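Engineer: Questions regarding the structure given below will be posed in turn.
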Amino acid sequence: MRVKQFKAESKKLLDLMINSIYTNKEIFLRELISNASDAIDKLHFKGLTDQSVGMASSDFRILVTLDKKERTLTISDNGIGMTKDELENNLGTIAKSGSLDFKTENKDESIDIIGQFGVGFYSAFMVASKVTVTSRAFGEEQAYKWESEGAAGYTVEECEKDDVGTDIVLKIKENTENENYDNFVEEYGICDIIKKYSDYVRYPIKTLRTKSRMKPRPENAPDDYKDEYESYTELETINSMIPLWKKNKKEVTDEEYNEFYKNTFYDYEAPAKVISTSSEGMVSYNALMFIPSHAPFDFYSKEYKKGLALYTSGVMIMEKCADLLPDYFSFVRGVVDSADLSLNISREILQQDHQLKAISKNLEKKIRNELSSMKDNDREKYVEFFKTFGRIIKFGIYSDYGMNKDKLQDLLVFYSAAQKKYITLDEYVTAMPEAQKFIYFAAGDSIERLEKLPSAEAVIDRGYDLLLCTEDVDEFCLQMLRSYKEKEFKNIGSGELGLETDKEKEELKSASDEAKDLFEEMKKALSGKVADIRLSSSLKEHPVSLSSEGPVSIEMEKVLKNMPGSEGVVSSKVLEINASHRIFETLKADFAAGNAEKVEKYAKLLYNQALLIEGLAIEDPVEYAKSVCELMI
Ligand code: ADP
């Protein structure tokens, strides 16, 4: 028999396949099953107008069988089959795509055929040392056998086959030092792959499963009879066939969505929100997305990979397509199915695909709208969501030089000191008294501690609300926003709070001028520690507090301290002294009496107290403790 050569471009591709460019070889099965499903589509479609097809819809199936001893895997379909010419043309060359021809002939959109992409059939050579295709085309009596062991070429000869359709037998490669192929002749391995990639192929994919059962007890079984087991095989349908995302929302119960989510994404808890959406027109797709109730354990680690599963016509082509989700929505999980995608094996090409870009843009908007409506209609649930994933959204505002801040700022919620609940920026601004110029916020590690800060009390005393920010990213995020609805953000830990009236300001200024020399003396004692010492009129009971000047706040200093490479970054601190506190009087009196030593000691004491109030560590705790004791005796 004459061995025929593959056409040039096919040979190249074949070489690539044999020396596999795919890292996940298992996708060969997806490709072969997709081809089988296409072939069934074609016969199914023909049957709609041609009585002679004589097949009921329910008869269509794809059979996957294994022979472990022979190391063979067989994929068998009862689709349209291939003639001798078709076997030669379709499998001998890649330039010709039968599916494409069929689609243009039958201008019917309802029959959508995958297989316009990829290298399909040839991927079999990634795992097989020999591929045998036996096919009988619809309307033909004679069947043909196409066989190839790879690059050397292929043969085609007549053979026997009872039914219309195609059987593809793969002789699975022997293991090598680096590759193990045994999984492809294991029942569970094959079932897993089918479930993973071809769960939504619309025809049943059946395979023989080995099961075990108890043998019936003999009638006169003795008392000490032990039950015996036997194994048997049974045809089982592996795939679930109808994709949930293609179903009408109204026809799917919450329960079904939840189960799907849990099974697909291995979560023990139902999702917080299900987002089902579809589009027709420029790009058509169905998407089913979920917002998890809790963060996956690896969410904040490098190992976590964002992305949605990408399907085309029910067949998975990518498990996590990262390009479908912006980083700030990386917590979303789900599935996108589009028949429009012009898919290729290469990720680079996928990235440039404008269809994909259009889909991802729509999805981003959809997620944003859904979150926004959850925020408006179910605040309690939203706050829970935000506590879990808000950090990612804040990072989204902060990163890319604030490029996405306008889109995301209305998704923020912060704890309001006045209202004792989470509120939006819009709610804050709407409730602002006319005289209030700034949006005040305090940043620190706990709400309880922030509420008690001297400057926090000062703001609240004025009748102004205060946002209490407890996440490390908060200040960076608000600094990036700068303002909201023309109101600037003001960190209460950064000096000038704009709380005083003009009269108060004046009084403060004259008192400061008077104490100028005293402050100079104190600064000497605290040299290198504080940038300035100022009088404040907003501290009530507290004698002192610390604030900061410049871009790095005290809270930021704490955050940065824990980041590699930023250890040396410190804030420029200002010691604020309560103008109406008795301690200020004491300081003035000691200074006037020329008691420089006391002034120095008090300056240090007060500075250390302020550090403690801010939750910062004292540089020399022993000295501090000693000084306090000295005062007591
Ligand atoms: P593609 O599916 O992208 O066209 P393939 O290399 O997978 O590329 O297949 C080439 C062609 O071979 C298909 O278009 C189809 O016409 C034909 N073919 C492959 N598998 C089958 C099958 N099981 N039954 C009928 N035709 C098939």
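The values are calculated or read from the model by the stated rules, or taken from the named source; none is laboratory data. Quick caveat: nothing in here was measured; it's all calculated off a predicted structure. FYI the Cβ positions are ideal-geometry reconstructions off the backbone, even for glycines, and counts take in every protein chain you see. The protein model used for the area step is the full one, side chains on, heavy atoms only, and it has no ligands, DNA or RNA in it. Shrake-Rupley method; radii C 1.70, N 1.55, O 1.52, S 1.80 Å.
Engineer: Out of all the residues in region 559-573, is one or more open to solvent by less than 30 Å² (accessible area, probe 1.4 Å), closer than 15 Å to Glu614 by Cα and at pLDDT 90 or above?
Structural biologist: yes
Engineer: Of the numbered conditions (1) open to solvent by 30 Å² or more (accessible area, probe 1.4 Å); (2) acidic (Asp, Glu); (3) modelled with pLDDT of 95 or more, Glu364 satisfies every one except a single condition; which is it?
Structural biologist: (1)
Engineer: Being closer than 27 Å to Glu448 by Cβ, assigned to a helix (DSSP H, G or I) and of a type in the set (Val, Ile, Thr) is true for just one of Val570, Val559, Val552. Which residue is that?
Structural biologist: It is Val559.
Engineer: If I ask for residues that are open to solvent by less than 30 Å² (accessible area, probe 1.4 Å) and within 16 Å of the ligand (Cβ to nearest atom), which ones from region 50-73 would you list?
Structural biologist: If the condition is that a residue be open to solvent by less than 30 Å² (accessible area, probe 1.4 Å) and within 16 Å of the ligand (Cβ to nearest atom), then Val53, Phe60, Ile62, Val64, Leu73 are the ones that fit.
This table checks each residue for (1) modelled with pLDDT under 95; (2) under 30 Å from Tyr197 (Cβ atoms).
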position: Asp337; (1), (2): yes, yes
position: Asp353; (1), (2): yes, yes
position: Ile359; (1), (2): yes, yes
position: Val383; (1), (2): no, no
position: Gly402; (1), (2): yes, no
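Engineer: For Glu109, state whether it is open to solvent by 20 Å² or more (accessible area, probe 1.4 Å) and either more than 29 Å from Leu341 (Cα to Cα) or at pLDDT below 65 (or both).
Structural biologist: Answer is yes for this residue.
Engineer: Sticking with this structure for a sec: Need the failing condition index for Lys196 against (1) open to solvent by 60 Å² or more (accessible area, probe 1.4 Å); (2) assigned to a strand (DSSP E or B); (3) in contact (Cβ under 8 Å) with a residue 40 or more places away in the chain, just the number.
Structural biologist: Status for Lys196: all satisfied but (2).
Per-residue answers, yes or no, for (1) assigned to a loop (DSSP other than H, G, I, E, B); (2) at pLDDT 85 or above; (3) touching a Lys or Arg at 6+ places or on another chain (Cβ under 6 Å):
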| position | (1), (2), (3) |
| --- | --- |
| Phe45 | no, no, no |
| Met55 | yes, yes, no |
| Ser58 | no, yes, no |
| Leu63 | no, yes, yes |
| Glu70 | yes, yes, no |
| Thr74 | no, yes, no |
| Gly81 | yes, yes, yes |
| Asn90 | no, yes, no |
| Ala95 | yes, no, no |
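Engineer: Please enumerate the residues belonging to region 462-489 that are open to solvent by less than 40 Å² (accessible area, probe 1.4 Å) and in a strand (DSSP E or B).
Structural biologist: Across region 462-489, the qualifying residues are Leu467, Leu468, Cys469, Tyr484, Phe489.
Engineer: Being at pLDDT 90 or above and either assigned to a loop (DSSP other than H, G, I, E, B) or more than 8 Å from the ligand (Cβ to nearest atom) (or both) is the filter here, so list the residues in region 126-140 that pass it.
Structural biologist: Val127, Ala128, Ser129, Lys130, Val131, Thr132, Thr134, Arg136, Ala137, Phe138, Gly139, Glu140
Engineer: Could I ask something else about it? Pick out, from region 406-461, the helices (runs of 4 or more DSSP H) lying fully within it that include 2 or more residues that are surrounded by fewer than 20 Cβ atoms within 10 Å (Cβ to Cβ), in contact (Cβ under 8 Å) with a residue 24 or more places away in the chain and out of contact with any Phe, Trp or Tyr (no Cβ under 8 Å at 6 or more places or on another chain).
Structural biologist: Counting at least 2 such residues, we get 447-451, 454-461.
Engineer: Can you name every residue in region 375-405 that is open to solvent by 30 Å² or more (accessible area, probe 1.4 Å) and aromatic (Phe, Trp, Tyr)?
Structural biologist: Of everything in region 375-405, those that are open to solvent by 30 Å² or more (accessible area, probe 1.4 Å) and aromatic (Phe, Trp, Tyr) turn out to be Phe395, Tyr398, Tyr401.
Engineer: Need the failing condition index for Pro222 against (1) open to solvent by 20 Å² or more (accessible area, probe 1.4 Å); (2) within 16 Å of the ligand (Cβ to nearest atom); (3) not acidic (Asp, Glu), just the number.
Structural biologist: So Pro222 meets the others, but not (2).
Engineer: Oh, and also: Given the options Glu259, Glu280, Glu319, Glu303, name the one that is of a type in the set (Asp, Glu) and more than 29 Å from Asn24 (Cβ to Cβ).
Structural biologist: Glu280
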